[in-house]
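One structure is given below, encoded as structure tokens.
The values are calculated or read from the model by the stated rules, or taken from the named source; none is laboratory data. Keep in mind that this is a model prediction, so the values were computed, not measured. Quick reminder, even Gly has a Cβ in these numbers, built from the backbone with ideal geometry, and neighbours come from all protein chains shown. Calculation scope for accessible area: heavy atoms of the full protein, side chains included, ligands and nucleic acids excluded. Shrake-Rupley method; radii C 1.70, N 1.55, O 1.52, S 1.80 Å.
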Amino acid sequence: MNPVDRTGTPRGPDAVGTLLATLEPQLPTAVDELQIATLLERRGLTDEEARRRYGQDVFDLSRTLFLRLPSRPHRPPAEPPTPRAAKLLAHGPLYAVPSLVYPAVLIALGGPALVRGMLLATTLGWVWGMGTSVAAYRLLGQGRPRAAARLWRRLTLLGLGVAVADAALLATTGDGGTGLVAFVVAQVGYQLASGILLFYGMEARLALVALPAAGLGTAYILLGFDADRAAPVLAAGAATSTLALGAAWWATRARGEPTGPARPDTLRPTLIGTLPCVCYAMLSALFLMFNSARFITAPLELAITVAPLVLGMGVLEWRSHRFHARAVALLRRTAATADFRRLAWRLLLRELGLGMLALTALGAVLLAVLASAGILTARSVLLLGAYLLLGGAYFAGYILVNHGEFRLVLTAVGAVTALDIAATLAFSSHFAPYGEVPVFLAGCLTLLALFLTALRLTIGRVAPYR
């Protein structure tokens, strides 16, 4: 009988012993009671059911079971390495490098072609890169570093081929021509290559190859968008993309598999298992791109408001890693499920607050610059607020995805995106000019609220922290 079958008989004289006899064959190398708690949770045992059938909550029951296990070698659990804060904080500026070339692309291709190309390149790079990185991380977790490197190479080449085909098709629908194709391929190439280099912890190398585009792009902006100076910036962007792809190819050179018996081929199930992450990336990209596209060629005070979010993405990554590490430590010293749930929720709010505080500080700097230039408007403040709330939603969404709560995540993002598109089409004209801004703000607030509600309901589970 399934030990957590809710139709089973109630607690008997030694119900715990019966449960132990059923579970023991599945725990040949149990490290501690938390591993048992994880197994119980995955079998659907809740605190209420555990108290009814065994007289203890899941935490206490797992400890009782562990103490009653026959003696076995004890091996402390291996803690995953925590990325250095400096590396994670660098991710935001590295993500922002392509945007420094956009003004030169605007001069070369024109506004409509820039918007169409940016939407295609950003969405394709985002979705393709997330799917590939998730699959590669899972292969690495299976002890197959060479398979992960091969996957990066093959899917990057395939992604570049898809970018060429999609951009060529897009070029037939309007202005841009071969320049549009080159722009899309260069940006997708940089996004995929940066994903590889960050995967292998090579932030410094990526920063070095990004210098041409970052340096000339920044200088071009500061010198006032002179059309005669656009060509060197475009060349620098192409050089950065090419160098990044070369560095990424070098990073995925032969990486040895551990010696031992042949491992089964898990590539197909691994790729299939990434589909929820890919769907989340697609919906997230749709929500952001639908709301941001119209501001790319808008007045500067609106176009630049996304900068604090992009620059602060590394901060959000850092705080999410800090949350996981501290939650694991909290779990090991907490005596009851209810206590862990309460303390983990406080920890989550603290890390979210610190992440959003950093974004707010970056936003305050931007507002001060806009005010000093005399171009600060109410719409720019509202749009900045929307991006800051979206940053909070990204943090909460990352935690939910890491916990495997895809049903809740996809439902929330899908519903908010659909309602946002409908509301924008129906009501934005009533809030002109740029009536899309308050609708976007409401959508970001709703998404953050839904994600936090989902986390409040699920944060006490043990399994995600094992």
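For the pair A415 and Y137, the difference between a 0.36 nm per residue extended length and the Cα-Cα distance amounts to 97.2 nm.
Here the peptides 292-299, 316-323, 213-220 are ranked by packing, the mean other Cβ count within 10 Å, and the order with the highest first is 316-323, 213-220, 292-299. For the stretch 404-449 and the stretch 303-382, write down the distance between their C-alpha centroids in whole Å. Between the Cα centres of the stretch 404-449 and the stretch 303-382 lies a distance of 21 Å. R146 contributes an accessible area of around 100 Å² to the protein surface, as traced by a 1.4 Å probe with all chains present. On the stretch 288-424, 70 percent of the accessible area sits on carbon and sulfur atoms, based on a 1.4 Å probe. Residues D57, D175, ordered by accessible area of protein heavy atoms at a 1.4 angstrom probe radius and largest first, appear as D175, D57.
Quick one: grab the alpha carbon gyration tensor of the stretch 238-383, order the square roots of its eigenvalues as a ≥ b ≥ c, and give me rounded if a/c is under 1.5, else prolate or oblate depending on whether a/b is larger than b/c. Oblate is the answer for the stretch 238-383, as a/c is 1.5 or above yet b/c matches or exceeds a/b.
Under the convention that each Lys and Arg Cβ holds +1 and each Asp and Glu Cβ holds -1, the size of the dipole of the stretch 274-376 around its Cα centre is about 580 debye.
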